[in-house]
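Worksheet: one structure, shown below.
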Amino acid sequence: MTMTFMEQAAMIGMIVFGTALTRFLPFLLFPAGKPTPRYIQYLGRVLPPAVFGLLVVYCLKSVSLFTGNHGVPEAVSIAAVIALHLWKRQMLISIAGGTVCYMILVQLVF
Amino acid sequence: MSESTRRKSALKAAFPHTIPIFAGFWFLGMTYGIYMNVSGFAFWYPMIMSLTIFAGSVEFVAVNLLLGSFHPLQALAMTLMINARHIFYGISMLDKYRGNGWKDIYMIFGMCDESFSINYTADIPKDIDRGWFMFFVTLLNHFYWFFGATLGGIFGSLIHFNTEGLDFVMTAMFVVIFLEQWLKDKNHVSALAGIGVSVLCLLAFGAEDFMIPAMAAILGVLTLLRRPLEAGGERQ
C-alpha cells in the first residue's frame with residue numbers, strides 16, 4: 001500500500017462527503033419553508049418510473065447479447081419474475097422465484 | 001398508541017419489505033468485504049466504510065482508489081459522478097423525507113437505491129407511522145450491508161459454497177419495483193423513456209460510462225415532455 005493511514009482516511013472522508021452531498025443536495029436547495037419550484041415538483045413526480053427503468057438497465061449493464069450465454073438466463077429469469085408477479089402480486093415470491101430460476105440456469109444449465 | 005408500540009408495529013410492517021435486500025446485501029456486502037480482504041485491507045476498513053459511505057457501487061470503486069495514489073479530489077469527483085443518481089431520488093423524496101424530525105437526517109443519509117425504491121413505492125398501511133416505517137427500512141438495509149461487509153472482511157477467504165447467481169436478487173427486485181410502478185401509473189411515457197434512453201446510452205457509451213449521459217438524457221426528455229405530460233395528467 002502506497003498511501004499512509006492519514007491519506008487513506010482523507011480519501012475515505014472525501015467519498016463519505018461526496019456521497020452525503022448527492023443525497024442532501026435537493027433538500028438543501030429546496031428548503032421546506034419555501035415553495036418548491038413547479039418544475040422540480042414535476043420532476044419529483046415523473047422521474048421515479050424512468051429511474052426504476054434506469055436501475056433495471058443498470059443491473060443488466062454487463063450482460064452481453066453476442067457472447068457467453070447471450071443474456072438467455074437473464075431474459076428467462078426476468079420473464080419468470082414478471083409472470084410470477086402478475087400472477088401472485090407478492091413481491092417476495094416474484095423475487096425469490098426469479099432468483100432461484102437464475103441460479104439454477106447459471107449453475108446447472110449454462 | 002404509545003411511542004414504543006408505534007415503533008414496534010412500524011418495524012413489523014417494514015421488515016418484510018426488506019427481506020430481498022437482506023438476501024442481496026448479505027451477498028453483495030460479503031463480496032465487497034472479501035474483495036477488501038483479498039486486496040490487503042483489515043476487516044475494519046469494510047466495516048467502517050460500509051457504515052459511513054453506505055453506497056455499494058462507490059465502495060467497490062473505493063477499493064481501487066485506495067490501492068492507487070493519493071488523489072482526494074479525484075476521489076470526490078468519482079464519487080459525485082457515480083452517486084449523481086441520488087439527486088434524482090432526493091427530488092422525488094422532498095415531501096416524504098420531511099416532517100419526521102431527526103429521522104429525516106438519517107433517512108436522507110441512508111438513501112441508497114434500495115431504501116429509496118422501497119420507501120418511494122411501499123403502500124404503508126394507514127395505521128402505521130410513516131416516519132418510523134421509512135426509518136426502519138433504511139436502518140435494516142444499513143445493518144444488512146454493514147453485517148455482510150464486516151463478515152466478508154473477517155471470514156473472507158473461508159467461505160465456500162456455490163452462490164453463483166445470487167446477485168440476481170437485486171435485478172429481480174428492481175424489475176418488480178419497476179413493474180409495480182408500471183401497474184400504478186396510467187401513463188407509461190416516463191417508464192418507457194427511462195428504459196429506452198438507458199439502453200441507447202448503454203449501447204453508445206458502454207457499461208462503465210453510460211449512467212451520467214443516461215441521466216442527462218432522461219432529464220432532457222422529461223423536460224421536453226413536460227407540457228404534454230402535465231396536460232395529460234401524469235399520475236399524482
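The values are calculated or read from the model by the stated rules, or taken from the named source; none is laboratory data. It should be emphasised that the depicted structure is a prediction, and the values quoted were computed from it without experimental measurement. Cβ atoms come from the backbone with ideal geometry, glycine included; neighbour counts cover every protein chain shown.
Name the single residue, out of those in the stretch B:7-30 being surrounded by fewer than 19 Cβ atoms within 10 Å (Cβ to Cβ) and farther than 15 Å from B:Thr171 by Cα, that is nearest to the other protein chains (Cβ to nearest Cβ).
In this case the residue turns out to be B:Pro16.
Identify all residues within the stretch B:177-202 that are out of contact with any Phe, Trp or Tyr (no Cβ under 7 Å at 6 or more places or on another chain) and touching a residue at least 40 places away in the same chain (Cβ under 8 Å); write none if there are none.
Selection gives B:Glu180, B:Lys184, B:Asp185, B:Lys186, B:Asn187, B:Val189, B:Ser190.
Could you check, for the stretch B:207-230, whether at least one of its residues is at the interface with chain A (Cβ under 8 Å from one of its Cβ atoms), within 24 Å of the chain's Cα centre (by Cα) and of a type in the set (Lys, Arg)?
no
Under 7 Å between Cβ atoms, at least 6 apart or on separate chains: pull out the pairs that start in the stretch B:86-101 with a residue that is in a helix (DSSP H, G or I) and end on any residue that is among the charged types (D, E, K, R).
B:His86/A:Arg23; B:Gly90/A:Arg23
For A:Ser62, work out the one condition from (1) more than 19 Å from B:Pro20 (Cβ to Cβ); (2) more than 7 Å from every other protein chain (Cβ to nearest Cβ); (3) of a type in the set (S, T, N, Q) it doesn't fulfil.
The failed condition is (2).
Tally up the residues in the stretch A:10-39 that are surrounded by 14 or more Cβ atoms within 10 Å (Cβ to Cβ) and either of a type outside the set (Phe, Trp, Tyr) or in contact (Cβ under 8 Å) with a residue 24 or more places away in the chain (or both), please.
So the count comes out to 17.
Looking only at the stretch B:54-84, count every residue that is under 18 Å from the mean Cα position of the chain (by Cα), more than 7 Å from chain A (Cβ to nearest Cβ) and assigned to a helix (DSSP H, G or I) and tell me the total.
Of the residues in the stretch B:54-84, 8 are under 18 Å from the mean Cα position of the chain (by Cα), more than 7 Å from chain A (Cβ to nearest Cβ) and assigned to a helix (DSSP H, G or I).
If I go through the stretch A:94-107 residue by residue, how many of them are more than 7 Å from chain B (Cβ to nearest Cβ) and closer than 16 Å to B:Thr18 by Cβ? Steps first, please.
Here is the first cut: in the stretch A:94-107, the ones more than 7 Å from chain B (Cβ to nearest Cβ) are A:96-97, A:100-101, A:104-105.
Imposing the further condition that a residue be closer than 16 Å to B:Thr18 by Cβ reduces the set to A:96.
Of the residues in the stretch A:94-107, 1 are more than 7 Å from chain B (Cβ to nearest Cβ) and closer than 16 Å to B:Thr18 by Cβ.
A:Gly44 passes all but one of (1) modelled with pLDDT of 90 or more; (2) within 23 Å of B:Asn187 (Cβ to Cβ); which number fails?
The one condition A:Gly44 does not meet is (1).
Applying the selection to the stretch B:183-236, what residues are surrounded by fewer than 16 Cβ atoms within 10 Å (Cβ to Cβ) and part of a loop (DSSP other than H, G, I, E, B)?
B:Lys186, B:Asn187, B:His188, B:Gly206, B:Ala207, B:Glu208, B:Asp209, B:Gly232, B:Gly233, B:Arg235, B:Gln236 - these are the residues of the stretch B:183-236 that are surrounded by fewer than 16 Cβ atoms within 10 Å (Cβ to Cβ) and part of a loop (DSSP other than H, G, I, E, B).
Which residues, taken from the stretch A:31-44, are within 25 Å of the chain's Cα centre (by Cα) and facing chain B (nearest Cβ under 7 Å)?
Result: A:Ile40, A:Tyr42, A:Leu43, A:Gly44.
At positive phi and touching a Gly at 6+ places or on another chain (Cβ under 9 Å): does that describe B:Gly101?
On the way: at positive phi: yes; touching a Gly at 6+ places or on another chain (Cβ under 9 Å): yes.
Here the answer is yes, as B:Gly101 does meet what is asked.
With the requirement that a residue be small (Gly, Ala, Ser) and farther than 21 Å from B:Ala216 by Cβ, what does the stretch A:16-56 give you? Can you show your working first?
Of the stretch A:16-56, the ones small (Gly, Ala, Ser) are A:18, A:20, A:32-33, A:44, A:50, A:53.
A:Ala20, A:Ala32, A:Gly33 - these are the residues of the stretch A:16-56 that are small (Gly, Ala, Ser) and farther than 21 Å from B:Ala216 by Cβ.
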